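Reviewing the structure listed below.
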Amino acid sequence: MNIKTRFPPSPTGFLHVGSLRTALYNYLFAKKHGGTFLVRVEDTDRERLVEGAVESLIRTLETVGITYDEGPILIDGKLSEKGSNGPYTQSQRLPIYAEHAQKLVEQGSAYYCFCSKERLEELRSQQQIAKLQTKYDRQCLKLDHEEISRRLEAGESHVIRLLIPDGETTFQDEIRGSITISNSEIDDQVLMKADSFPTYHLAVVVDDHLMGVTHIIRGEEWISSVPKHVILYHAFGFPMPSFAHLPLILNADKSKLSKRQGDVAVEDYLTKGYLPEALVNFIALLGFNPSGDREIYTVKELVEAFELSKVNKSGAVFDRLKLDWMNGQYIRSSDSVRLFELAHPYFGAASTLPDEQKKKILEVEKERLVTLKDLEERVEMFVRLPEYPATELVWKKADAQDATLHLTNLLKLIESADVSVFEKRELIEEVIKKYIRDNGYQNGNVLWPLRVALSGQRQSAGPFELLWVLGREEGIVRIQTGIYKLTS
Ligand code: GLU
């Protein structure tokens, strides 16, 4: 069997981290089985559409490296299509849904309903007062053919409803096992709305079938819709796909992940300087553990390891600290060319420095970064020596005289050292360590004042790194400033 999965977002705004996980699992599953992964735009709810959401979604998927074999794509910023089962945007498939709904009406699996909004609201509130299940009462099922034709011809507003058969509906979920529900609990779902657009339920079943989807992997919130879909599959005589519903993503307090407790938009994480590969790795492990304690996986390794049977049933906590840790790991192990490219927007005050120097800053600072955005603050001291009091230059076991002595000696050392020394951190370190060793000094006496003079900060990168980034000239100026502060 040719495995085919899909990711069918509704373009209602940003890409939620939960949706990214859904897209990723569908991608991993398809790739693992040599199958096809498609993206479809589900834009039948016209009131919730957000301008530009499709484009931004496509860009985000591209940024995080989730590629798809079929679906809408952007070519020079313009929407186009890839694959032969399109169009992949539901609003462009309206005749297909109308035709399918019509077929259901003809075979008696669906019926026209002319009930007004007001009547439906009234019915609902009466049922609520009587503490009954809120459900359509099938008043329009009683209409005869002539009346239906007459009202349709008169252009009366109407919908098409699915006639839920008696009995019960059973389906298998790859993660949750067998699920059975009594059909008496299911409402006669509207399939075609008064605006001639299909509802999600009709469109999703028709499209998944026509597009050849074999595995439907999506969030747990959709599980309650499956019985309606199963009834539709039966009514159409379509072969049943496999279903797998992923566990919820939770906040640390086990509530459903929500905007109130932090970011949920993938775009926000990317702008904050989380690396796409770190985000993908982190999201992949929300509800799925390939093995043991290992946390870092490339996408290729995830593809190899992915199995629906290894997906947990219980909710997965979105642990921000773990994401931060993982991002740091990725920053430090990233290829330097790629990291520099990703870090580009975060150089802040240092943006105008030559690339060579920016690369050095990144090299030195990456050891302490949680996100790339942290760079913005850290680069400041490379551009401008911060104001600091002379007392900072004095190591806890030394005094101002000692600090002055060492800074003066270091200044001479640096002034007389060959320029080439400043091209390599190791060479700088060698020259300064030799001075410490030859004179039997303690590291703190020498390196503390030097580091503070170069950074103006109590905490910073080490003095050799700083000299390497700042270069000989700026290093000299900063050391002179330190000596001046101590002696004036
Ligand atoms: N359009 C639905 C959504 O917004 C898709 C649900 C499904 O995967 O069936 O997530």
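The values are calculated or read from the model by the stated rules, or taken from the named source; none is laboratory data. Owing to the predicted nature of the structure, the values given are computational and were not obtained by experimental measurement. As a convention, Cβ positions derive from the backbone with ideal geometry for all residues, glycine included, and neighbour counts pool all protein chains shown.
Within the range 429-444, the residues that satisfy the criterion of being touching a residue at least 24 places away in the same chain (Cβ under 8 Å), in a helix (DSSP H, G or I) and surrounded by fewer than 18 Cβ atoms within 10 Å (Cβ to Cβ) are Glu429, Tyr435, Gly444.
Could you tell me whether Val230 is within 15 Å of the ligand (Cβ to nearest atom), in a helix (DSSP H, G or I) and either under 23 Å from Ile96 (Cβ atoms) or modelled with pLDDT of 95 or more (or both)? Criteria met by Val230.
Hey, among the residues in the range 233-243 that are touching a residue at least 40 places away in the same chain (Cβ under 8 Å) and surrounded by fewer than 19 Cβ atoms within 10 Å (Cβ to Cβ), which one's farthest from the ligand (Cβ to nearest atom)? Result: Phe236. Would you mind stating whether Asp253 is closer than 17 Å to Leu20 by Cβ, at pLDDT below 95, assigned to a loop (DSSP other than H, G, I, E, B) and away from the ligand (no atom under 16 Å from the Cβ)? Considered against the rule, which asks whether it is closer than 17 Å to Leu20 by Cβ, at pLDDT below 95, assigned to a loop (DSSP other than H, G, I, E, B) and away from the ligand (no atom under 16 Å from the Cβ), Asp253 comes out as no. Sort out for me the helices (runs of 4 or more DSSP H) sitting completely within the range 301-408 that have 2 or more residues that are aromatic (Phe, Trp, Tyr), at pLDDT 95 or above and under 28 Å from Val431 (Cβ atoms). Ranges flagged: none. If I ask for residues that are without any contact (Cβ under 8 Å) to a residue 60 or more places away in the chain, of a type in the set (Val, Ile, Thr) and farther than 22 Å from Leu279 by Cα, which ones from the range 331-366 would you list? The answer is Thr352, and nothing else. The single condition among (1) touching a Ser or Thr at 6+ places or on another chain (Cβ under 6 Å); (2) outside any helix (DSSP H, G or I); (3) farther than 22 Å from Val317 by Cβ that Ala235 does not satisfy is (2).
Of the residues making up the range 151-172, at least one is touching a residue at least 60 places away in the same chain (Cβ under 8 Å) and within 16 Å of the ligand (Cβ to nearest atom). In the range 371-383, is there at least one residue being β-branched (Val, Ile, Thr), within 30 Å of Asp268 (Cβ to Cβ) and in contact (Cβ under 8 Å) with a residue 60 or more places away in the chain? For the range 371-383, residues β-branched (Val, Ile, Thr), within 30 Å of Asp268 (Cβ to Cβ) and in contact (Cβ under 8 Å) with a residue 60 or more places away in the chain: present. You will find that of Ser196, Ser178, the residue that is more than 12 Å from the ligand (Cβ to nearest atom) and on the phi > 0 side of the Ramachandran plot is Ser196 and no other.
If I filter the range 159-167 for residues that are surrounded by fewer than 19 Cβ atoms within 10 Å (Cβ to Cβ), acidic (Asp, Glu) and part of a loop (DSSP other than H, G, I, E, B), do I get at least one hit? Scanning the range 159-167 turns up at least one residue that is surrounded by fewer than 19 Cβ atoms within 10 Å (Cβ to Cβ), acidic (Asp, Glu) and part of a loop (DSSP other than H, G, I, E, B). Scanning the range 203-227 for residues that are more than 9 Å from the ligand (Cβ to nearest atom) and among the polar types (S, T, N, Q), we see that the one that is farthest from Ala23 (Cα to Cα) is Ser224. If you check Pro9, Pro87 for being in contact with a strand residue (DSSP E or B) (Cβ under 8 Å, 6 or more places away or on another chain), modelled with pLDDT of 95 or more, closer than 26 Å to Asp195 by Cβ and surrounded by fewer than 17 Cβ atoms within 10 Å (Cβ to Cβ), only one passes: Pro87. Among the residues of this structure, Glu426 counts as one that is under 48 Å from the mean Cα position of the chain (by Cα) and either closer than 30 Å to Asp355 by Cβ or assigned to a helix (DSSP H, G or I) (or both).
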